[in-house]
There are 4 protein chains.
Amino acid sequence: MSQKKIHVAVIGATGMVGQQYLSILSGHPWFEVTVLAASAKSAGRTYGEAVRGRWHLEKSVPEEFTGMMVIDALDIKTVKARADLVFSAISLSPDDTIKLEDAYASEGLWVVSNNSAHRNTPDVPMIIPEVNPGHLAVLKDQRRRLGKGAGGIAVKPNCSIQGFVMTLAPLYEAGWVPSNLITTNFQAVSGAGYPGQASLDVIDNCLPLPGEEHKTMTEPLKIFGRVQDGRIVQKEDLRISAHCMRVPVIHGHLSAVSLGFAGETPGMEKVISLWKEWMPLPQSLKLPSAPLQPIHVFSEPDRPQHRLDRDIEKGMAAAAGRLRECSVLDLRYTCLSHNTIRGAAGGAILTAELMTHEGYVTSRR
Amino acid sequence: MSQKKIHVAVIGATGMVGQQYLSILSGHPWFEVTVLAASAKSAGRTYGEAVRGRWHLEKSVPEEFTGMMVIDALDIKTVKARADLVFSAISLSPDDTIKLEDAYASEGLWVVSNNSAHRNTPDVPMIIPEVNPGHLAVLKDQRRRLGKGAGGIAVKPNCSIQGFVMTLAPLYEAGWVPSNLITTNFQAVSGAGYPGQASLDVIDNCLPLPGEEHKTMTEPLKIFGRVQDGRIVQKEDLRISAHCMRVPVIHGHLSAVSLGFAGETPGMEKVISLWKEWMPLPQSLKLPSAPLQPIHVFSEPDRPQHRLDRDIEKGMAAAAGRLRECSVLDLRYTCLSHNTIRGAAGGAILTAELMTHEGYVTSRR
Amino acid sequence: MSQKKIHVAVIGATGMVGQQYLSILSGHPWFEVTVLAASAKSAGRTYGEAVRGRWHLEKSVPEEFTGMMVIDALDIKTVKARADLVFSAISLSPDDTIKLEDAYASEGLWVVSNNSAHRNTPDVPMIIPEVNPGHLAVLKDQRRRLGKGAGGIAVKPNCSIQGFVMTLAPLYEAGWVPSNLITTNFQAVSGAGYPGQASLDVIDNCLPLPGEEHKTMTEPLKIFGRVQDGRIVQKEDLRISAHCMRVPVIHGHLSAVSLGFAGETPGMEKVISLWKEWMPLPQSLKLPSAPLQPIHVFSEPDRPQHRLDRDIEKGMAAAAGRLRECSVLDLRYTCLSHNTIRGAAGGAILTAELMTHEGYVTSRR
Amino acid sequence: MSQKKIHVAVIGATGMVGQQYLSILSGHPWFEVTVLAASAKSAGRTYGEAVRGRWHLEKSVPEEFTGMMVIDALDIKTVKARADLVFSAISLSPDDTIKLEDAYASEGLWVVSNNSAHRNTPDVPMIIPEVNPGHLAVLKDQRRRLGKGAGGIAVKPNCSIQGFVMTLAPLYEAGWVPSNLITTNFQAVSGAGYPGQASLDVIDNCLPLPGEEHKTMTEPLKIFGRVQDGRIVQKEDLRISAHCMRVPVIHGHLSAVSLGFAGETPGMEKVISLWKEWMPLPQSLKLPSAPLQPIHVFSEPDRPQHRLDRDIEKGMAAAAGRLRECSVLDLRYTCLSHNTIRGAAGGAILTAELMTHEGYVTSRR
């Protein structure tokens, strides 16, 4: 591993996901946070002041960050001077996000982004390290496009797909062919940031989330796509239908899945053993943030549950359970993933660890 | 209509559903509550005392009932002496429920039950008055089985199917053939009665309800079944798969439905007009508790919602919305029904109104 | 009563309180809503469009308003042309609120306001019709100040004091002297409007409301003050201390009160009979929105409760209960009031009814 | 410290508090859990089986306990044979609790109890180790009463007083004299165990807890009492008044306190420095479960909050904040304590550590 720590900038550091980044990066063995950036209105204040009354995590602000000065995210020169790697979780319009992330990358920085802006860009890989590490291959072409001296950009998928995509991967890898998936998502309020979801919407109520459904149905097709001519080509023989609802829960997105296969259907014991024994790349590489076991399987009929199971392996593992037959498709089950950890900051950090291990991200110091 | 009011006994009057019965029956034009019955431990007290600290409705106890004495549900003689019709919502074992309801009916009483015990009895009709009023025909054979002088028993289906079953009926009636349905249910806590669902299960959490799923998948098959030789024969060409979850909501069960058709699929405008224009028997008969419009259709992308829409038409109508295409089956949508009103007491009262109109239930006074 | 209906403008009609106004004013015997006004960005659309996705009441939009065009609140000429009386619930800065409300009044309109801006103006009466109807006397001096042809302005107090102020009034009227009061408030989220309180603040959490405490401690002093030289002089011999917290409840503010008296302390039976028998002016005048009984007293040890008791008398009555001795002061009890009905729109409407009955507000048509 | 680990029995191991005991005792440096006991109906099953579907903590069952056999709590012989120290959290009638705890102690076992049964026994110390460690002195007389060879019994106070009692202690120690205290408690549902508080009581609602108030008002008087003739004599010059309410929060009891002093009132800066600098016995002894700082003081106007601050120092510290003047008494503030950790299992473990350090509890092995 690189002996010098990678210097890291967190962009959008004062928001919900930014807070989660700092909570996870505190004490990270490879990465050292050297830049906290946010919108102009937070810039020029210490981080402690900037998040006063806006800190929403159960753990308090890591001490090393409270006195650090927040800079303007648009001050690319300073970011470049102090950091090698950028975690981008700033809230801008899609166009402005693309412009900003491209600017970082063009200046030689590596960018791992939680924003949706670049998810449809064919040469920007959308990575779940356990599922499609090979998609990093398109970075080569992307960098050529961005120009000489460029770093590169990878993105995280939407938090709403994190759980069920992980349950499909070991099935594909073992030769079964999931082809039809209907998911109904029970999504937590922290997915909307702060202030985010109004309390009037989720006390004694659940709220439809039409805006989440398109992402949930299309992003997995890119993740399970193939690399061809320096671009990701979407998978064609998988159809996904999604109902997304906000529920009165702080953290954790749960998917109630019905799944159909092309060709033969694996037996339930087979599925369970494939899930339990799955040992993909981040686990075999023992990346620092990789959960020991990416999927924890429950046999109890009433698990997983948001409150009890979202924090498994520090919120980095998925929880799956309630596997049973589906009278319409083939199988049904539920799975759960922590949306601001595995589904956002933690997932991006694991991606950056993979990119560091693969030699993309290096210390320039 | 009968000029004398039907005398009514509410069995299980102190429970959640029993409370809802009294709230709806207060001032009913055809029915007069003359018996409040419950388990032996509530018997011998006034209703006001019996529900002190256990009343959970937003409306307070109707005044005419507070001073009425609660009797033991097992005191069949007294029930018979004072009532013509029994609403049965008592919590007993299935065997004891069947024994009690049969005893009432054998004594000449008419029984409409919220209990699940008799739902699988082939000559006991499970009625949603808008959907399968013709199933009352099996009462004739049932009464023959119960013996000379018997009344008869009809049951309500489980509250978890009320919403989506109503959305299917007008499609069938118009000649389309729903054949595959996957529903994920967001079910309210009042469905479990009081004390019922523990708060630790539903604060910052949702809870799997494996016990609700079998009922949700099988009961519609009886409701859409056909009468043959004095029994209901289940529908065979409809497959239903259900995920049931408890959510932190007081009232209202919402179903997120994906629906597939055998043969042609109706267009979305067609479905909406069938829902809006549906005018089944209870509406054309103008039964007192029938909602003017059994299905209210929403065009807003974020409706229906539990808190805002469960009380439509006093909780007796279903709310449907979010109709859109399903990439796996054909269509998807959500629908909502008030679980303790339409899905329990109100639905049973409407059934009793239908049975009264059809001449089954009459006043013996 | 006036034979012609008073024409009424609701300013801030699209907000939470504005919605509540329309819900209550629909079918009002004296008032007819002729103007719906809001900020410039809602102006020019029908009311139905303007509140699409922003309607948060359990009852749906009254039909007569859905097609009505929303106008700009700053268009004073149009408001004047079409209305006699203005209900002001718009969200502006205090200075802009004062400017707008003064402008309405100077043009001859009568204004009843939910805004806090004018609460400290000594010649603007802050009215709870059951408690201080005599304070309307200062309107005479206020109108002189506002200039020739002016109408006048009255305001509602903050929703956080509505419950406990009503419990004190009958005690004062009977000659007892409450002098020390400590209240801890359990305040509902609808008090913050929409989107208002973030869900992250109130799921599995309660939130301190420092900004509500000053109002809660000082406004009752004006309400119990005396008229002198055309102004309200604050009561001096009452000290109030308040802790305000937001709780995960949709509607209803509950106060846990400890109360001390100067001089003798009334016995608990005395307090209860004073509360029960209180029959102040709005009740003896039978104003249309006056609850039959302004304070409903509970003897159950676990009442009042937000969900069960906030809607008493359509949300216009206060609920009091749990009266017991206080080992530090003299008595303690809890009381509850619906914050967006009695504590906001409904209370203002009752004030306008009183002003109409007293001859201040008249139809100019 | 004793070199051999103390063998520990957890009685009532399957309940909410019992689960918390095991979660904290897993890996404890001084104590080793050798007995898991519960009611007869759980006995004879492994712990894993016994809590299946009943485990309610965010951390999962510590692995070392899942296979351990649960025994009957009434099997005193086995408990005695395997343990030195008993943590008693079983749910029995007060009489049966006293009988059982006396039986353990008479057999030579040391008992630290979460039950309320013995709290009024004058020679049973009710201990908060930071506040009244000297009360252990009465154990000598208690053991004489219990008979030759007896161990002894200490109890934990009710979770509803944990927070505010800790805020008073450093004031007393510095010579100030708190004499009047009014607290309104916002208590979490986990305080009622499982299934405990019904969800219908706390969704969109808060629930009065009359049964908690007497304990809250009287137990501090024993804790601040003095030892005289082998018994605790209650403090007489402190008056406490309490309003207790259940709020829709999983963990954490928050008290909104108004406090009056006999004699001089300390300034707010003084109070804050006394709280911050308080370093009582458990901290100077560095007992394993003692928080580094028993009271964490917040300066933010909106802290402490249940969700954000209950877990400070693993749930063992109190959080205090919002100190401001009270217009009726002298000062007001809020304080928060984790009810099932510091207020139950964790507090009892800290008491046992103190008793071990003081030489009462020893290993007999």
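General remarks:
- Proximal aspartates and glutamates to A:K140, defined as alpha-carbon separation beneath 12 angstrom and excluding residues fewer than eight positions away on the same chain: A:D123, A:D229
- Taking the charge dipole of chain B about its Cα centre, with +1 at Lys and Arg Cβ atoms and -1 at Asp and Glu Cβ atoms, the residue from B:S88, B:L285, B:V33 reaching farthest to the positive side is B:V33.
- Expected-Rg normalisation [2.2 N^0.38 Å, Cα atoms] applied to region D:160-338: 1.03
- Local electrostatic count, A:K5, Cβ distance below 10 Å [Lys/Arg +1, Asp/Glu -1]: 0
- Note on chain A: GNM, Cα springs under 10 Å; of A:H296, A:H214, A:H306, the largest mean-square fluctuation is that of A:H214.
- Calculated on C-alpha atoms, the gyration radius of region C:51-102 divided by its Kirkwood radius gives an Rg/Rh of 1.01.
- Each of D:I203, D:V227, D:A192 was placed along the dipole of region D:185-275 (beta-carbon charges, centred on the mean Cα), and the one lying farthest toward the positive end is D:V227.
- The H on the amide N of C:G152, modeled in the peptide plane, is under 5 Å from the matching H of C:W110, C:V111, each at least 5 residues off or on a different chain.
- Axial C-alpha extent at least 15 Å, average Kyte-Doolittle at least 0.0 - helices from chain D (DSSP): D:162-173, D:346-357
- Neighbourhood net charge (13 Å Cβ-Cβ; Lys/Arg +1, Asp/Glu -1) for A:K314: -1
- Rg ratio (alpha-carbon, reference 2.2 N^0.38 Å) - region D:92-166: 1.08
- Magnitude of the charge dipole for the protein assembly as shown, about its Cα centre and with charges confined to Cβ atoms of Lys, Arg (+1) and Asp, Glu (-1), is about 0 debye.
- Shown is the FRET efficiency for C:E58 and C:S273, computed with R0 = 56 Å from the Cβ-Cβ distance and rounded to the nearest 0.05: 0.95.
- Probing with 1.4 Å while keeping every protein chain in the model, the per residue accessible area of region B:160-338 equals 31 Å².
- Computed over chain D, the per-residue total of -39500 (n - 2.57) for DSSP H runs of n ≥ 4 gives a 222 nm mean residue ellipticity of -8000 deg cm²/dmol, rounded to 500.
- q = 0.08, 0.10 Å⁻¹, chain D: log10 I(q)/I(0) [Debye, one scatterer per Cα]: -0.37, -0.59
- Of all beta bridges that DSSP places with both ends in chain D, some 45 percent have antiparallel geometry.
- Across peptide C:238-246, the mean count of Cβ atoms from other chains lying within 10 Å of each residue's own Cβ comes to 5.
- For region B:23-131, the solvent-accessible area with a 1.4 angstrom probe is 40 square angstrom per residue.
- Computed over neighbours whose Cβ is under 13 Å from that of D:R144, the net charge equals +2, Lys and Arg +1, Asp and Glu -1.
- Carbon and sulfur %, accessible surface of region B:160-338 computed with the full protein complex present, 1.4 Å: 50 percent
- For the chain pair D and A, buried accessible area totals roughly 1400 Å², probe 1.4 Å, rounded to the nearest 100.
- Under conditions of 25 °C and 0.890 mPa s, the protein assembly as shown yields 71 µm² s⁻¹ as its translational diffusion coefficient, taking Rh as the Kirkwood radius over Cα pairs in the Stokes-Einstein equation.
- Unsatisfied cross-links (Cα-Cα over 21 Å) in the set A:K276/B:K215; D:K215/D:K235; A:K4/A:K59: A:K276/B:K215; A:K4/A:K59
- Looking at the protein assembly as shown, the DSSP beta bridges with both ends there are about 45 percent antiparallel.
- Each Lys and Arg Cβ is given +1 and each Asp and Glu Cβ -1; about its Cα centre, chain A then shows a dipole of about 800 debye.
- Measuring nothing but how far apart in sequence close Cα pairs (under 8 Å, 6+ apart) lie, relative to its length, region C:160-338 scores a relative contact order of 28 percent.
- Per-atom-type breakdown for region C:4-99 gives carbon and sulfur 53% of the accessible area (1.4 Å probe, protein chains only).
- Shielding by partners, peptide C:165-176 (average Cβ within 10 angstrom, other chains): 0
- Pairs exceeding a 25 Å alpha-carbon distance, out of B:K99/B:K156; D:K148/D:K286; B:K5/B:K156; C:K41/C:K77; A:K5/A:K80; B:K77/B:K286: D:K148/D:K286; B:K77/B:K286.
The values are calculated or read from the model by the stated rules, or taken from the named source; none is laboratory data. Just so you know, these numbers come straight off a predicted model, no measurement behind them. Cβ atoms come from the backbone with ideal geometry, glycine included; neighbour counts cover every protein chain shown. The accessibility values were calculated without ligands, DNA or RNA, using every heavy atom of the protein model including side chains. Shrake-Rupley method; radii C 1.70, N 1.55, O 1.52, S 1.80 Å.
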